[in-house]
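A short write-up of the structure that comes next.
The values are calculated or read from the model by the stated rules, or taken from the named source; none is laboratory data. For clarity, every value in this text was computed on a predicted model and none was experimentally measured. Cβ sites come from the backbone with ideal geometry, for glycine too, and all protein chains shown count toward neighbours. Calculation scope for accessible area: heavy atoms of the full protein, side chains included, ligands and nucleic acids excluded. Shrake-Rupley method; radii C 1.70, N 1.55, O 1.52, S 1.80 Å.
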Amino acid sequence: MKRLIAALAPLALVAACATSGPAVDGAVPAGVAATVDMQPVLRFAPDPVRIRAGETVEFRNVSAFAHTVSTRPSTPAEAADVALPAGAEAFDSGEIPAGGVYRHTFTVPGTYRYFCDPHHGAGMVGTVLVS
């Protein structure tokens, strides 16, 4: 029995992390125009997101896995999935732990295609359309 409890302890910790933190409290903070969930099924949702120039999107990690939100490709495959409007600067969230959030303000109108670095190969790519 002790071995079973010891074996299941890491899973309980991961589950606890995925169900806590600012990403899962359900509230949309002031100044945030849209939220995007980084899901356990390795997808961004909703996709696409539509906002106006100058508005902020909050990316919420509601899964047990660390994710990123990036337009800075490190491989040719990632580069093929990135799009930035002329004059927009690339961004990268760094690792976002379970329950964590990342906010980015989009100032240049156009189409932004972004990806999750560790899960790009699984198709974790999203779009923000800025008018």
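Leu42 meets all of the listed conditions (1) open to solvent by 60 Å² or more (accessible area, probe 1.4 Å); (2) at positive phi; (3) modelled with pLDDT of 95 or more but one, namely (1). Residues in segment 92-112 that are of a type outside the set (Gly, Ala, Ser) and within 12 Å of the chain's Cα centre (by Cα): Asp92, Glu95, Ile96, Pro97, Val101, Tyr102, Arg103, His104. Of the listed requirements (1) in contact with a strand residue (DSSP E or B) (Cβ under 9 Å, 6 or more places away or on another chain); (2) open to solvent by 10 Å² or more (accessible area, probe 1.4 Å); (3) modelled with pLDDT of 95 or more, Phe65 misses just one: (3).
Considering only residues that are assigned to a strand (DSSP E or B), of a type in the set (A, V, I, L, M) and either over 12 Å from Asp47 (Cβ atoms) or free of Cβ contacts under 8 Å to residues at least 24 places away in the same chain (or both), which ones fall in segment 93-131? Ile96, Val101, Val130, listed by residue number.
Can you name every residue in segment 49-62 that is open to solvent by less than 60 Å² (accessible area, probe 1.4 Å) and either of a type outside the set (A, V, I, L, M) or under 8 Å from the mean Cα position of the chain (by Cα) (or both)? Answer for segment 49-62, where residues must be open to solvent by less than 60 Å² (accessible area, probe 1.4 Å) and either of a type outside the set (A, V, I, L, M) or under 8 Å from the mean Cα position of the chain (by Cα) (or both): Gly54, Thr56, Glu58, Phe59, Arg60, Asn61.
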